[in-house]
Structures are given as C-alpha cells and as structure tokens.
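Please read the structure below before turning to the comments.
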Amino acid sequence: MSNSHTVSAARTQAARGLPPAPQLIGDSAAMQALRAQIGRIARCGAPVAIRGESGSGKELAARAIHAQGERARFPFIAVNCAAIPEALMEAEFFGCRQGAYTGALHEREGLFQAANGGSLLLDEVDDLPLAMQVKLLRALQEQRVRKLGGSADEAVDVRILCASQHGLARGMAARTFRQDLYYRLNVIELVLPPLRERLGDLPVLCEAILARLAPRQSVRLAPPVLDALRHYAFPGNVRELENLLERALAFADDGVIALDGLGLPSTATASVTPLKTVLPGVERQLSLPGMATRDAAPLLPLALYLRQAEREMITLALVRERYHRARAARQLGLSARQLRYRMQKLMIQESWLDDGMEDR
C-alpha cells in the first residue's frame, strides 16, 4: 500500500467516524507489501496468526487489522498469554462467578466477553499450557464461553488474532501446541519483516519515534548516527530502536543526538547475531569481545572474562525481552530456573523487575 493509499484509508476511517487506523511506518517494499496484505486480511473475519521477532510490531499489525475491518467500532483487547498465571487463566479468559475461587469477591467478565463484537489478540499464544488450549479450542468451536463457577454458556462473537515469535507450527512439531488448535488459529498467517531487512526505513522511523518522544522539542541526529544504525543488526527490532533513541534523548546536547549518546553495543557485540536469526546459507564472521591481537593489551584471566561475558549476555537478554525472565531464558537456551541461578551467582539485581514479569 502506497503512502497515498494510506492517506486515503485514514480519510475513510475519519468519514466513518472511527479513530485513525494504527500506521506501520516505512516505505520499503517489504512494508508496502505488508500494508497491502493487512488491507486484504482486514476485509474477512478469519483468524490470523501473526509471526514476527520480538519488537517487530505484531500488536501494531493486529491493531491495524482490527481498525481497518468491520469490527473497528467494537473493542480490541490484547493479552499476553505468557503473563497470566496458569491458575487464573480460565477466569481471565472466560470470567468468573462470585466465590468461584478464593479472592473472587465479585462476578466479572473475561477477555472474551470484553472483546465481544470486536477482536481479541492472544500474544505469545504458544505459551498457553495444554489444558488451557483445550478450553480455548472449545470456546472457538462453539463460540460460547462459560464463566468459572457458572452453569450456563454465553454466546460470544470475537475475531481471534494471535501472535508468536516463531510461528505455531514450531510448537505443534514439538508437541507443545495442539494440532487441532493450530488449524483453528492458523487460517491466515501474516509474517512481519525484521528491521534488519528494511534498514531503508530507518530515517522515517527515527523521525516518527523522536516526534513522539519529544513532541515539543526539535531533535536531529548527528551525521554518524544514522550510518551507525544502518550497520547494526537490531535483534530487538523497532522496540530496540525506540529504546536507543529514548536513551539518546537524555544525553542530547541542544537537541542533537550524538553517536556516543546512542549507547549502541560495541562493534564486536553488535556484529554477533543470535544463531536463530542467521539466514540459512549465509556465512558470517563472528568476532568476540576481548579478542587479542598482536598489539592488544594482555587478556583478562579466563575465569574473569567468562564471568563478565556471561553477565553482559544475561543482562542484554533481559533488556531485549523487557525483563521477562521466561522469554530471556529461552533466548539464552536456558530454563527459567537456570537463569535465576545464574542471576544470583552473578549478582544481577532483580529489584527493577516488574511484578508482572515473574517466572511462569
């Protein structure tokens, strides 16, 4: 979808008395194709499985699908499935009656009732436990839900959108995701391009992000900054770009963001891409921080170097996953318990972790 088509769509939304549809920023061929695909998907009511790396804009794409469709006048509800304690999942999704469990002091609606008529985004749906997958499948098949502690079903009309980093097929192959639920949710698959595959969008992305972060301030990037960004792999995608620019604003002098204020990882660290993001058949030369050369300073003792490297990698994974320990552990190839042990061993403080980001 071209920029002129985007403007036309926004005018159509305004003429219908609706809020403007969320915009996926970028003029690259990948983004134009993505917007065109979203426009077609929005016209039907089929479930959509959105696949994309962390920070690539999965929720934004889901909001765009909802805003451009017939359900735009009704609620859009987004829920992170990995953040709901397993014991409370049924009540969160379907609601509960008063006294259904300890602490249920009032009857309340669930996510399906709240999204009735509109769209429900199940982010990280592949993290749902198998028992909850069975209940979700029944709700989708019957289009009815029963509150926890209730005896009667309630009809609901909800369009289901789901999001995952690796796609639902991976969970199905690993037998952690039900095959019947996979076919129910994966009717249409929408794949989001990572930022490293559309680096030409960096100027317009930076401009839009800075305008939102500092609406009353004139901010510009120093000449070397954009070039440095173009040579960075962005494992955290647009979310990481936002974090970098927000940090840089705090160190900007007279509204000018300098390269040192950007806080990019070192050249060696930035050039190391996680193995799962390397495209098949593409060879990369990986350089390690602290690699000695003939004229370099003496190496650190191996034990100290490994401790520092491990601490930096764990901290980086936590930051990229917004301090969600379960997801950070998966990025590092660890279990949540192993990550917790290493954090204690390396004295990585947990006081800044959000209460809602506890291990599942």
Single residue of the stretch 324-343 satisfying the filter (in contact with an Asp or Glu (Cβ under 9 Å, 6 or more places away or on another chain) and farther than 18 Å from Ala82 by Cα) that is most open to solvent (accessible area, probe 1.4 Å): Arg342
Those residues of the stretch 28-42 which are surrounded by 14 or more Cβ atoms within 10 Å (Cβ to Cβ) and either closer than 21 Å to Leu168 by Cβ or of a type outside the set (Lys, Arg) (or both) amount to Ser28, Ala30, Met31, Gln32, Leu34, Gln37, Ile38, Gly39, Ile41, Ala42
Would it be correct to say that Gly45 is over 24 Å from His324 (Cβ atoms), in contact with a strand residue (DSSP E or B) (Cβ under 7 Å, 6 or more places away or on another chain) and either surrounded by 22 or more Cβ atoms within 10 Å (Cβ to Cβ) or modelled with pLDDT under 95 (or both)? yes
Inside the stretch 185-201, can you point out the residues that are out of contact with any Gly (no Cβ under 9 Å at 6 or more places or on another chain) and open to solvent by less than 30 Å² (accessible area, probe 1.4 Å)? Leu185
So, first residue in contact (Cβ under 8 Å) with a residue 24 or more places away in the chain in the stretch 239-256, second residue open to solvent by 70 Å² or more (accessible area, probe 1.4 Å), Cβ within less than 7 Å, six or more apart or across chains; the pairs are Gly255/Gln217; Gly255/Ser218; Gly255/Arg220; Val256/Arg220
Picking from Glu90, Glu59, Glu53, which residue would you name as being acidic (Asp, Glu) and surrounded by fewer than 20 Cβ atoms within 10 Å (Cβ to Cβ)? Glu59
Matching residues, the stretch 55-97, being without any contact (Cβ under 8 Å) to a residue 40 or more places away in the chain and part of a loop (DSSP other than H, G, I, E, B): Glu70, Ile84
Suppose the filter is surrounded by fewer than 19 Cβ atoms within 10 Å (Cβ to Cβ) and modelled with pLDDT of 95 or more; does Gln23 pass it? no
Options Leu185, Leu221: the member that is in contact with a Cys (Cβ under 7 Å, 6 or more places away or on another chain) and over 24 Å from Val48 (Cβ atoms): Leu221
Could you say which residue among Glu240, Glu207 is under 17 Å from the mean Cα position of the chain (by Cα) and within 30 Å of Ala42 (Cα to Cα)? Glu240
Any chance the stretch 72-81 includes a residue that's open to solvent by less than 10 Å² (accessible area, probe 1.4 Å) and either hydroxyl-bearing (Ser, Thr, Tyr) or modelled with pLDDT under 95 (or both)? yes
So, first residue touching a residue at least 60 places away in the same chain (Cβ under 8 Å) in the stretch 200-215, second residue open to solvent by 10 Å² or more (accessible area, probe 1.4 Å) and acidic (Asp, Glu), Cβ within less than 8 Å, six or more apart or across chains; the pairs are Gly200/Asp27; Asp201/Asp27; Val204/Asp27
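The values are calculated or read from the model by the stated rules, or taken from the named source; none is laboratory data. Keep in mind that what you see is a predicted model, and the values were worked out from it rather than measured. No Cβ is skipped: glycine too gets one built from the backbone with ideal geometry, and neighbour counts run over all protein chains shown. Each accessible area value is taken on the protein alone, full model and side chains, heavy atoms only, with ligands, DNA and RNA left out. Shrake-Rupley method; radii C 1.70, N 1.55, O 1.52, S 1.80 Å.
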